[in-house]
Amino acid sequence: MHGHASQKRRLLATTTLAGLMVATLAAPVMAQETPEEPGFFTMLGRLVFGAGSERVAIDVPQAVTVLNQDDIDREQATTVGDVLERIPGVTTVGSESRWGESFNIRGIGGGGSADEPRIIMQIDGVGKYYEQYRMGSLFSEPEFLKRVEVLRGPSSSTLYGSGAIAGVIAMETVDASDVIEEEGDTFALRQRLQFSDNGNGRLSSSLLAFAPNDQFEALFGYTWRDSDIAESGNGTPLHGTEGISRGLLAKAAYSFGGAHSVEMSYLRDDSSINDQPYNLVDATTTWGTVDRDIQDSTAIFLYNFNPEDNDLINLDAQLSYAETAVDMEDAQGTFIPPADYAYETVTLKLENRAEWSGANFENYLTAGFSVAEQDRRAEEITGGTGFSYHPEGTARTTSIYAQNELIFDDRFTIITGLRADHQKMTPGPLVPTINETSDTAYAANLALHYAFDNGWAAFGSASYTERLPVLDEIYDTRATSGGATDAALGTLRAETSRNFELGAAWSGEQLFNDDDSLSFKGVVFSNDLSDQIARNNAGTAVGAISPTYINLGSNRISGVELEASYETEAFFGSLAYTHLTSTNADYELPADAMQLSLGTRLPDQNLEFGWSVALVEGASDGTPGYGVHDAYALWKPDQGLMDGVGVRLGVSNLFDKQYRSNLQSSQTSRIGRTVSLTLTKTF
């Protein structure tokens, strides 16, 4: 099967290139601000910025879910995973610790070593990456997020990176204009206080915004979050949930000359967790304990040139710096030598968005180039030089990409894209006999969408992407249970994904009364995976060596995703369902799940009530199914002493259910009943 890979790659690339030529090349423009919407979860009808012209999610040929500020606030989240849990096809894995959490999209991603590159995560367009044995992959404060977009499947690889076999999680931080609520105001302070009874969780969040004119705005934010140890439904302590976090966000934007603008931002999260499990993924103390200081930083400088008289030029030049560092000390009882780990990435990206139109068409073109250099550091606390099983090294990735969106008669959309990522890796001093390795990965995408007159639309896509091995997979020499101890070096091939999707959507208004609307979207997909990379636990020989990582055979993950939402002035509801299957019986997939949310609003009393339930089937490994209920009430008084104060009372796991997902270790479980009270006031 592998012998045909290059031939199929050339055929798919040729087909997509032909599509690009027919479509005249192009791609997405950034959508404008999402209009203010009610504070409940709605999966359809949102603007998306990853799919070209300004569209709602129901009108794009891809499985996309967009959450806005109200959706994020509704969850009273302590982690990004809390925000994503209700999205079809998305599962959080790991423990309840915010430092032991990773993600799974459409069955890909398990929280283990090297899972992270299969899911691309970005904050304000900057890639976030962290991989360490028995820790999570993303440490970010959800209070600073105003928008999260999840693009499921590899169709987004042409824009975000050829490694997005599972999909993309794109996050956007709040701006000053989001905090200033009253028209004509130039200054605003938004203060939020939150308390949760399970673990005595406390949060203080402050956002200070200043916008003296249309040219300049600035924002400063600070959060403080503290928690004791939380408990599961049966009262078992959930190790790793206690700790202190401090978050900082500083942003400024200035536009001048009519066509120029600059933006600068700095985002930082500092956490201190003492006497916590070394194994935060399972949150068990059987691996010993350690004190950790975790720092996560993102700095951005962005210049935009967008002349009003030339629609072919909308150029972004972005220089960014991202670092995630974990420092350890006072290790007790751990059999793995503790160390300080860090990833540091500097990226320069140039991207232009062009648009033009004719009598019956619109065209949007995005073309870009980027260079990123990532340094991986590991230093033993005891004074050693590093680890063979967490090898230091540098990876430099040079990328070029283009994607086009062509729309005929505001009805028929063709999206085509190509991408190439060239990667050169240089190992640290513990990898002998070789200086560097290099390879190139490719991605291609073709998507079609047709809208009928009766509210129905049909869409489909075909995509191909490759994921290159990471430093761990090439240079790791840690002995496996089967005795493999060699660095894989040049024996590893890139993972490949060939994904096909078909879907239909429908939306209508005034169905049962004058102010209601109903939307539905369904997708079926098949993702053929080849050369998946895994640890060589059997000690299989590849040529003259027995590498610690090898390529496996093929696997097909297929699935169905359904989303629906209904809304009137006084009532709202949403439904999501996910079903996945795999041709590899040993490949563990998330269990089938359905999410149902219902709510009502009482406008005269400024009240809103909501209820939701997650119904998850039992898994083939024996993990029992479960049903977990949440409820909330929101009150926004408009007079008296409480005028302008938002009061939100939420109860998660209403019936104190003891449960875990089948992707979690049997050593951990989900959090028990938690009552959270949030007070928000903008001055």
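Computed from the coordinates by the stated procedures, all read-outs in this text should not be read as laboratory data. Remember, it's a predicted structure, so these values are computed and weren't measured experimentally. We place every Cβ from the backbone using ideal geometry, glycine too, and count neighbours over all the protein chains shown.
In a shell of Cβ-Cβ distance under 13 Å around residue 231, excluding residue 231 itself, what net charge do Lys and Arg (+1) and Asp and Glu (-1) give? Kindly include the intermediate steps, with their values, before the conclusion.
Numbers: positive: 657, 670, 673; negative: 96, 197, 228, 242, 656.
Net of charged neighbours comes to -2.
Using a Förster distance of 41 Å, how high is the FRET efficiency between residue 436 and residue 270, based on the Cβ-Cβ distance and rounded to 0.05? Please report the intermediate quantities before stating the final value.
Details: r = 34 Å, r/R0 = 0.84.
Computed FRET efficiency for residue 436 and residue 270 comes out at 0.75.
Let me check the size of the range 526-641 from its C-alpha atoms; what are the radius of gyration and Dmax in Å?
23.2, 79
Considering only 594, 438, 367, whose Cα is most displaced toward the positive end of the charge dipole of the chain, charges sitting on Cβ of Lys, Arg (+1) and Asp, Glu (-1)?
438
What spacing in nm lies between the two simple spin-label points modelled at residue 528 and residue 602, each 7 Å away from Cα in the Cβ direction?
Output for this residue pair reads 5.8 nm.
Rounded to the nearest 0.05, what FRET efficiency do residue 357 and residue 448 have when you use their Cβ-Cβ distance and R0 = 22 Å?
E(calc), rounded to 0.05, equals 0.65.
Apply the Karplus curve 6.51 cos²θ - 1.76 cosθ + 1.60, θ = phi - 60°, to the phi angles in the range 135-140 and return the couplings in whole Hz, x for Gly and Pro.
Along the range 135-140, the couplings run 9, x, 10, 9, 10, 9 Hz.
Could you work out how much longer the chain between residue 458 and residue 639 gets when fully extended? Use 0.36 nm per residue separation minus the Cα distance between them, nm to one decimal.
60.3 nm
Can you give the net charge of the other residues whose Cβ lies under 9 Å from the Cβ of residue 162, counting K and R as +1 and D and E as -1?
Details: positive: 419, 467; negative: 421, 466.
Net local charge, residue 162 excluded: 0.
Which distance in Å, rounded to a whole number, links the C-alpha centroids of the range 523-562 and the range 153-188?
32 Å
Quote the FRET efficiency, to the nearest 0.05, computed for residue 658 versus residue 215 with a Förster distance R0 of 35 Å and r equal to the Cβ-Cβ distance.
0.05
Based on the alpha-carbon set only, what is the convex hull volume of the range 198-321 divided per residue, in Å³? Mind dumping the intermediate values first?
Values: hull volume 18.6 nm³, N = 124.
Here the figure is 150 Å³ per residue.
Expressed as a rounded percentage, what relative contact order does the range 190-304 have, with Cα pairs under 8 Å and six or more residues apart?
Computed over the range 190-304, the figure is 19 percent.
Find which of 547, 257, 189 sits farthest along the positive direction of the dipole of the range 2-682, computed with +1 on the beta-carbon of Lys and Arg, -1 on that of Asp and Glu, about the Cα centre.
The Cα lying farthest towards the positive end belongs to 547.
Once every DSSP H run of n ≥ 4 in the chain is given -39500 (n - 2.57) and the sum is divided by its residues, what mean residue ellipticity at 222 nm do you get, rounded to the nearest 500 deg cm²/dmol?
Mean residue ellipticity at 222 nm (helix-derived): -1500 deg cm²/dmol.
As I understand it, the dipole of the chain uses +1 on the Cβ of Lys and Arg and -1 on the Cβ of Asp and Glu, about the Cα centre. Which of 671, 413, 492 lies farthest toward its positive end?
Farthest along the dipole direction, towards plus: 492.
So, in nm, how far is label residue 510 from label residue 584 when the simple model puts each one 7 Å beyond its Cα toward the Cβ?
Each label point is offset 7 Å from its Cα along the Cβ direction, giving 5.3 nm.
Pairs of alpha-carbon atoms within less than 8 angstrom and 6+ residues apart define the contacts here; what relative contact order does the chain have, in percent?
Over the chain, the number comes to 12 percent.
Roughly how big is the range 2-682's charge dipole about its Cα centre, with Cβ charges of +1 (Lys, Arg) and -1 (Asp, Glu), in debye to the nearest 20? Present the calculation step by step, with values, prior to reporting the outcome.
Working: 46 positive and 95 negative charges, 413 e Å.
With only Lys, Arg, Asp and Glu charged at Cβ, the dipole is about 1980 debye.
Applying a 10 Å radius around every beta-carbon, put 512-525, 167-180 in order of their mean neighbour count, most first.
Descending mean neighbour count gives 167-180, 512-525.
Would you indicate which of [x] 34.1, 113; [y] 32.1, 101; [z] 24.5, 79 is the value of Rg and Dmax of the Cα atoms in Å derived from the coordinates of this structure?
Here the calculated entry is [z].
Apply the Karplus parameterisation 6.51 cos²θ - 1.76 cosθ + 1.60, with θ equal to phi minus 60°, to every residue of the range 213-220 and state each ³J(HN,Hα) to the nearest whole Hz, in sequence, with x for glycine and proline.
The phi angles translate into 7, 6, 9, 10, 8, 9, 9, 10 Hz.
Number of Lys pairs in the range 2-682 with C-alpha atoms less than 23 angstrom apart, excluding same-chain neighbours closer than eight positions?
11
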